[in-house]
1. Which whole-Hz couplings ³J(HN,Hα) result when phi for each residue of segment 335-348 is put into the Karplus expression 6.51 cos²θ - 1.76 cosθ + 1.60, θ = phi - 60°, listed in order with x for Gly and Pro?
2. For the chain, can you list the cysteines whose C-beta has no other cysteine C-beta under 4.7 Å from it?
3. What residues qualify as long-range amide H neighbours of V114, i.e. H under 5 Å apart, gap of 5 or more or another chain, H built at 1.01 Å from N?
4. So how strong a dipole does segment 384-457 carry about its Cα centre when Lys and Arg Cβ are +1 and Asp and Glu Cβ are -1, to the nearest 20 debye?
5. Would you grab the residues whose amide H sits under 5 Å from the one on C174? Only those 5+ places off in sequence or on another chain, please, with H modelled 1.01 Å from N.
6. May I ask you to list the trypsin sites (Lys or Arg not before Pro) in segment 103-184 that are in a DSSP loop and have at most 15 other Cβ atoms within 10 Å of their Cβ?
7. Using a simple spin-label model with points 7 Å from Cα along the Cα→Cβ vector, what separation in nm is obtained for N35 and Q91?
8. For segment 353-421 and segment 37-91, write down the distance between their C-alpha centroids in whole Å.
Amino acid sequence: GVSTSARYDQWRRICKGAIRIVIGARSAVFAPVRNLKLIIVDEEHDVSYKQDDRMRYHARDLAIVKARQQAAAVILGTATPSVQSHFNSRQKKYRYLCLPQRVEDRPLPAVEIVDMKMQKDEKGRPPILSRPLMHALAEALHARKQSLLFLNRRGFNTFLFCPDCGHVFHCLNCSVSLNHHAAEGKLRCHYCDLAVDIPRQCPACRGSRINSYGVGTERLEAEVKKAFPQARVARMDSDTTSASGAHGRILQALERFEIDILVGTQMITKGHDFPNVTLVGVVSADTAMNIPDFRAAEKTFQILTQVAGRGGRGDFPGKVVIQTYNPDHYAIQRVKAHDVEGFYQDEMNIRQPLSWPPFSRMINLQMSSLNREEGREGAMSIAAFARSRCQGTSAAARIDVLGPAEAPIAMIKGRRRWQLLLLGTQSRALHVLVKDILAGAKPKGLEIKVDVDPMNFM
């Protein structure tokens, strides 16, 4: 990151016109560039452009507003446009430009789908690495080529549990299980960062047997090293890149061919170009598909297409092996066929009858309280008020009020959480309703956060 003093110095030089090209993350959209003529939003589909804490904004949308105000052009670049941007191009709000071929007409990688329901190890359990993926890794090593293994879940195991009484080790502050990080010998919460030592016995029944469930990148790395002891294996996730410069050192090692197999989370999908990478393995394609989010299929298609695109970028053809328990899902099948347009048509056909975005606008009222009962009653009160305000409105200004419901993660940092969704086709009507809600009497102990065009429903 950039220090506060360095950021201030850069901001001052930009304001004076001493810097003509600014490159940065989402906050760069606020840079005071003089005589602005062009904004490029690279990988415009990426959900990290949305800031969900403090001042909530979407950098892509702000870039479009800023360009309109300053008569500048905007380029939204991506191989997997968001459904919203794709819809806007169909509505002629955006001009759609397509590059149908890779550089030098290199072929797209062949995609093999592995149905994990059909894969069993010697003990009859589902393996972490299927036989087709193991075979593909062995072939790449034999050919002295590099491989990427993608798993969007860090840690060693998903959680620990007691097989005698079924007790699962949960965070004390959040309604999530603690993730097992073997390297540091800790159970850690990925939401509030609570860390506790790995217990020697179950606190519920005092049993001494503690089992693990699930797999994270740390365990995947260990399994790959065990299966291929001769291979040079590295891992890239937020645990291994937290130190200054660590991210760059891993990428440089891959570029210098000091790594045979790189295991990583979403970090490895970020537009990197490594000509010697010929194999990409997706260890679990179902991770993003099974979250409670109407964009789950969209996010799955985007991340799988992006990670698949890391293979075969040089002179040698690439191969992608995708492990999934849902091989017939339309998002998986469209990835296999490299069919971007087909996926968007599938998604539009599902969303339009339900009036989900992009066929409506959405606001998520995120409500929380330290007291569960007070929070529930407060959320019900807000929902009743919203529904009363929506009665008698015209069909064009209709607003659907969905909820309230407990958030999928019902507690974070000790606060109980509820969500109330507002859907309508008129932005102004939605904004007036939210303004009325916030201006009214706030229920005791209830904190309300307004998320316009929400990207995260957890």
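Each value in this text was obtained by applying a stated rule to the coordinates, not by laboratory testing. Quick caveat: nothing in here was measured; it's all calculated off a predicted structure. Cβ sites come from the backbone with ideal geometry, for glycine too, and all protein chains shown count toward neighbours.
1. Going residue by residue, I get 5, 4, 8, 6, 10, 5, 4, x, 4, 5, 5, 4, 5, 4 Hz, with x marking Gly and Pro.
2. Unpaired cysteines in the chain: C15, C98, C192, C390.
3. I322, Q323, T324
4. On the way: 12 positive and 6 negative charges, 58 e Å.
So the dipole magnitude of segment 384-457 works out to roughly 280 debye.
5. Result for C174 returns K413, G414.
6. Values: sites: K117, K120, K123, R144, K145, R153, R154; in loops: K120, K123, R144, K145, R153, R154.
Here the sparse-neighbourhood loop sites are K120, K123, R144.
7. Between N35 and Q91, the label points sit 3.5 nm apart.
8. Using only Cα atoms to place each centre, the spacing works out to 26 Å.
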